[in-house]
Amino acid sequence: MFRYVFRDKSDILQLYNAINQTNYTNAEELVVTTMEDVIYIGMKNDLSFLIANELNLYEHQSTMNQNMPLRGLLYFAKMYEGYVESQKKNRFQKERIPLPYPRYIVFYNGEENLPQKMEMRLSESFEERDEEPAVECIARFININYGQNDEILKACKRLQDYSYFVSCVRKYLVNCHKQDVAIKCAIDECIQKGVLEDVLLKHRAEVEDMFLTTFDKKMYEEALRLDAISAGRREGLEKGRTMQLQEQIQKKLQKGCSIQEIADALEEELEVIEKIIKEL
């Protein structure tokens, strides 16, 4: 949805001005370099572009991800590779190749209670060393939940509208049992208030589908998580049962019981007892 809202260069430029407190007016100065599915299948870096000799990477996250600096490093490496090729430079040449300055912003609007602004560094993931690391990547998080970072939101109406729309969807989700009804109500309210009106009027069906797809994906991931927990519990119970049998078998072996006698006493298959004894 974030990518859908910020498709036009004029909106991207407004977002850039709000973040950097600049006042660029010519959207054609932007050179959009957005890449899709660069690193992870199903995961995209949302916006990347060149302006004023800077290479900007903008991403949107609704969940906290500790690996954003790593993702940024891999994205930037790919983008710089493309930049060098586009400038018809040779990375093996002796002269230094001038590179645009990198900026990495992560817009966060999840439901975790996070600060208005924070930083994550790639170096935090390295094993501790005394010397300075050879590489670094800094992801600067900006909380764009409605009511957070008002100065930035007010400076970019598009971002403010997006933030309000997401909060509106969440509001109706609390009061509606059906997700599709909640999304429809949120869209109706935003259209009435002139919030993202151009997007919601022209592309209502696409927006509804995007949100419903997102909810379906979250439900699927939650089901996988619960299955993993259940499997872990089963594995733990089986391991505990095996350890209990091992203790009981050892005691009976010390008393001189035969394998058949042990199997009969513990009401277990002979093959199970034999396998456990081999592993003792």
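Using modelled amide H (1.01 Å from N, peptide plane; none on Pro or chain starts), what sits under 5 Å from the amide H of Tyr108, excluding residues fewer than 5 places away?
Gln61, Ile142, Asn143, Ile144
For the range 104-109, take each phi angle, set θ = phi - 60°, evaluate the Karplus expression 6.51 cos²θ - 1.76 cosθ + 1.60, and give the result in whole Hz per residue in order, putting x for glycine and proline.
With the stated coefficients, the range 104-109 comes to 10, 10, 10, 8, 10, 9 Hz.
Between Asp188 and Ser258, what is 0.36 nm times their sequence separation minus the Cα-Cα distance? Round to one decimal in nm.
Working it through step by step, the gained length comes to 17.5 nm.
Can you compute the charge dipole magnitude of the chain about its Cα centre, using +1 on each Lys and Arg Cβ and -1 on each Asp and Glu Cβ, nothing else charged? Give it in debye, rounded to the nearest 20.
For this selection, approximately 620 debye.
Taking Rh as the Kirkwood radius computed over C-alpha pairs, what is the Stokes-Einstein D of the range 1-155 at 10 °C in a medium of viscosity 1.306 mPa s, expressed in µm² per second?
94
Between Ser48 and residues 5 or more places away or on another chain, which pairs have amide H atoms under 5 Å apart, with H built 1.01 Å from N, and which residues are they?
For Ser48, the qualifying residues are Thr33, Thr34, Met35, Tyr58.
Rounded to the nearest 5, what is the percent of antiparallel bridges among the DSSP beta bridges in the chain?
50
Taking Lys251 as the anchor, which lysines have their alpha carbon closer than 16 Å to its alpha carbon, excluding any fewer than eight residues away along the same chain?
Counting by Cα, and skipping residues close in sequence, Lys251 has these lysines nearby: Lys278.
With the cut-off at 25 Å, tell me which of the pairs Lys117/Lys157; Lys9/Lys89; Lys171/Lys202 have Cα atoms farther apart than that.
Too far apart for the 25 Å limit: Lys9/Lys89.
Rounded to the nearest 0.05, what FRET efficiency do Arg7 and Arg129 give with R0 = 41 Å and r taken as the Cβ-Cβ distance? Could you check?
0.45
Laboratory data are not the source of any read-out in this text; all were calculated from the coordinates shown. All values derive from a computational prediction rather than experimental measurement. Every residue, glycine as well, gets a Cβ built from its backbone with ideal geometry; the counts of neighbours run over all protein chains shown.
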